[in-house]
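The structure appears below as structure tokens.
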Amino acid sequence: MRVFTIGSAPARGMLAALTALALGTWAHPTVAADAPSELNLFAWSEYIPTSVIEGFEKESGIKVNYEEYASNEEMLAKLVSGASKYDLLQPSEYTVEALIKEDRLQPLDKSKLPNLKNVEAWYTTQAHDSGLKYSVPYMSGTVGIVVNKEKVKEPVTGYDDVFKDAHKGRIVVLDDAVEIVTWAMATQGKGPAQVNSENVAATRPVLERWLPLVKVYDSDSPKTALLNGDVDIGIVWSGEGAILVNEAPEKFQYILPKEGAHMFIDSLAIPKDAPHPEAAHAFIDYLLRPEVSRKISEEFPYTNPNVGARKLLSDKERNNEASYPKGSPRLEIFRDMGPTAVEIDELFTDVKAKSAS
């Protein structure tokens with residue numbers, strides 16, 4: 001599943017204690033004459049181009065108040081606290097599922113979303129929100145390996161090829177407990193659907209071997225260390241990988257791990273108590289216009305769920321395998337992990353601290 005620098009990848013946090021504890025406690029946008037004049041948007045940092053927001057404001061007359069967060073759990077904490085009333089959120093797939101379970105989202109009024117027809121049919125069948133009753137896909141992507149081919153000469157196909165003694169001090173990874181623990185599970189033949197206490201605990205020896213090799217933990221802009229030459233190999237968000245490949249295709253390669261890769265879906269959803277749901281629907285429909293969605297892809301080259309927007313992309317954009325994987329790679333979508341998210345966070349935090357000492 002955002003903090004960006006030059007389109008950098010999302011700082012995708014896990015739900016951890018917030019899921020287990022906090023949640024458990026609690027075409028043309030047509031705006032009517034009496035519609036609200038503002039939209040309170042709570043979304044990943046710098047994930048929606050300024051030009052897109054300005055275009056909506058100019059056309060609709062609705063002022064967008066853009067408040068940012070850096071992780072799903074940060075968003076959930078603010079939402080649960082009730083400190084502010086938001087009209088539109090941008091949660092990742094497993095967060096959408098958790099919010100639906102806790103009755104925190106209102107059903108979409110699809111009569112106000114004529115451009116929903118532009119979303120690829122595949123996205124309407126996913127288990128976290130089958131039929132898109134509560135959410136609309138914004139961008140999706142994968143988590144994969146980036147290799148500096150000038151420095152790393154041996155073949156790289158999976159996670160264990162990254163975490164080798166030969167790469168010690170030359171590795172960048174996401175600073176994300178759920179991601180790293182599920183990578184370790186993948187090397188043991190288990191996918192995200194098999195997250196449970198026993199399988200999570202079994203990853204400790206793998207993490208104890210991997211984490212001392214890591215030089216940089218960065219969920220905000222993992223591409224930076226690769227561009228600067230501080231590291232030679234890493235596991236990053238696909239949008240970050242796409243930028244690296246675009247800037248230096250002769251130097252960087254993006255590889256989906258043979259053991260399986262996480263495919264995330266970042267969506268738009270309206271809180272149940274949103275004060276301006278009409279404005280939220282209008283903004284969602286505006287973003288679903290192909291020409292508008294195409295602008296998002298220009299700045300943030302993830303996988304665009306909008307079929308109409310994809311048709312507007314250049315051949316170079318469509319052929320970037322970080323943005324649009326070729327073949328039939330093994331991709332898995334996270335589900336709500338409930339209380340086990342706490343165990344994942346505790347395990348990762350413990351091993352990471354010990355590996356740094």
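The values are calculated or read from the model by the stated rules, or taken from the named source; none is laboratory data. Note that the coordinates shown come from a computational prediction; the quantities given were computed from them, not determined experimentally. Here the Cβ is made from the backbone with ideal geometry for all residues, glycine too, and neighbour counts use every protein chain on show.
So, of the residues in the range 81-98 that are in contact with an Asp or Glu (Cβ under 9 Å, 6 or more places away or on another chain) and among the aliphatic types (A, V, I, L, M), which turns out to be modelled with the highest pLDDT?
Ranking the qualifying residues of the range 81-98, first place goes to V96.
Looking only at the range 84-126, filter to residues that are of a type in the set (G, A, S) and surrounded by 21 or more Cβ atoms within 10 Å (Cβ to Cβ); which one of those is nearest to the chain's Cα centre (by Cα)?
Top of the filtered list is S92.
What number of residues in the range 54-83 are among the aliphatic types (A, V, I, L, M), crowded, with 19+ Cβ neighbours inside 10 Å and either under 20 Å from the mean Cα position of the chain (by Cα) or assigned to a loop (DSSP other than H, G, I, E, B) (or both)?
Total meeting the criteria: 4.
Against the condition in a loop (DSSP other than H, G, I, E, B), over 30 Å from I296 (Cα atoms) and not assigned by TED's automatic domain parsing to the domain that holds L99, how does P155 come out, does it pass?
Yes, satisfied.
So which residues in the range 338-357 are surrounded by 14 or more Cβ atoms within 10 Å (Cβ to Cβ), among the β-branched types (V, I, T) and either in contact with a Leu (Cβ under 7 Å, 6 or more places away or on another chain) or more than 19 Å from E102 (Cβ to Cβ) (or both)?
Correct list: I344, V351.
With respect to the numbered conditions (1) over 29 Å from E343 (Cα atoms); (2) in contact with a Ser or Thr (Cβ under 9 Å, 6 or more places away or on another chain); (3) of a type in the set (D, E, K, R), which one is the sole condition not fulfilled by D176?
Condition (1) is where D176 drops out.
So which residues in the range 82-122 are among the small types (G, A, S) and over 21 Å from N304 (Cα atoms)?
Answer for the range 82-122, where residues must be among the small types (G, A, S) and over 21 Å from N304 (Cα atoms): G82, A83, S84, A98, S111.
Identify the single condition in (1) in contact with a helix residue (DSSP H, G or I) (Cβ under 7 Å, 6 or more places away or on another chain); (2) among the basic types (K, R); (3) under 30 Å from D232 (Cβ atoms) that K149 does not satisfy, given that it satisfies every other one.
K149 satisfies every listed condition except (1).
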